[in-house]
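Everything on this sheet refers to the single structure shown next.
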Amino acid sequence: MRWSLWRRNASRVALLTGTMLLGLAIAGAQPGFAQSSALIGTWKLNLEKSKYNPGPPPRSATLTYTQDGQNFRNTSQNIDAQGNATTTVFMHIYDGQPHPRTGSPLFDASAYTRVDANTIIYTRLKAGKLIQIGTLVISQDGKTLTGTQTGTLANGPGNAILVYDKQ
């Protein structure tokens, strides 16, 4: 009797252990899935498809996104209408809270919220005051990134539609 009870319990322990190991393997794979994002890579501004109000548009702009833990690092390289080059590096931390940003004369903090895998809403602040709102939307095929901005832009108050092509 004891032997059959032990075998029955051993079978349950083996089944529970196997189930737990499978669960841990699946849970351990989740961060790998979370790190896969269509945003990662290099995006070049398509000036023909973009619109600036007021103008003029920049001569060029390139965004490069890399994974940094649960967040993204964005390296932005721009040449403005006058030919001045700037490079800024900042983090996309998806908690909806403002985080410091350096390198831009327009704003000193940004807040990002990920709506879904392809949509991000952001706000930009200067000295704690909201100066710009925007969205980033990645197309379903992952080849186009469209950004909209409203508020204080490089040429004053206005709005812009920025269309980037994945490189």
Subject >> Unique residue being aromatic (F, W, Y) and in contact (Cβ under 8 Å) with a residue 40 or more places away in the chain when the list is Y122, Y164 >> reply: Y164
**OP:** Quick one: count up the residues across the range 38-56 that are at pLDDT 95 or above and out of contact with any strand residue (DSSP E or B) (no Cβ under 7 Å at 6 or more places or on another chain).
**Re:** 2
Original post:
Right, T150: loosely packed, with under 13 Cβ neighbours inside 10 Å, in the same structural domain as F72 (by TED's automatic domain parsing), among the β-branched types (V, I, T) and modelled with pLDDT of 95 or more or not?
Top reply: no
Subject >> Wholly enclosed strands (runs of 3 or more DSSP E) of the range 42-91 bearing at least 2 residues farther than 18 Å from N155 by Cα >> reply: 60-68, 71-79
Subject >> Listing of strands (runs of 3 or more DSSP E) fully contained in the range 95-154 that carry 2 or more residues being closer than 19 Å to D165 by Cα >> reply: 119-126, 129-138, 144-153
**OP:** Provide a single number: the residues in the range 72-84 that are surrounded by fewer than 14 Cβ atoms within 10 Å (Cβ to Cβ) and either outside the structural domain of P57 (by TED's automatic domain parsing) or within 16 Å of L106 (Cβ to Cβ) (or both).
**Re:** 3
Original post:
Which of the residues that make up the range 126-139 are surrounded by fewer than 18 Cβ atoms within 10 Å (Cβ to Cβ) and not small (G, A, S)?
Top reply: K126, K129, L130, I131, I133, T135, V137
**OP:** Could you grab me the full set of residues in the range 96-117 that are out of contact with any His (no Cβ under 8 Å at 6 or more places or on another chain), closer than 16 Å to N74 by Cα and not β-branched (V, I, T)?
**Re:** P98, H99, P100, R101, G103, S104, F107, D108, R114
Original post:
Yes or no: I138 within 12 Å of the chain's Cα centre (by Cα), aliphatic (A, V, I, L, M) and under 17 Å from G69 (Cα atoms)?
Top reply: no
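The values are calculated or read from the model by the stated rules, or taken from the named source; none is laboratory data. Predicted model, so just to flag it, every value in this text is computed and none were measured. Glycine gets a Cβ as well: all are built from the backbone with ideal geometry, and neighbour counts include every protein chain shown.
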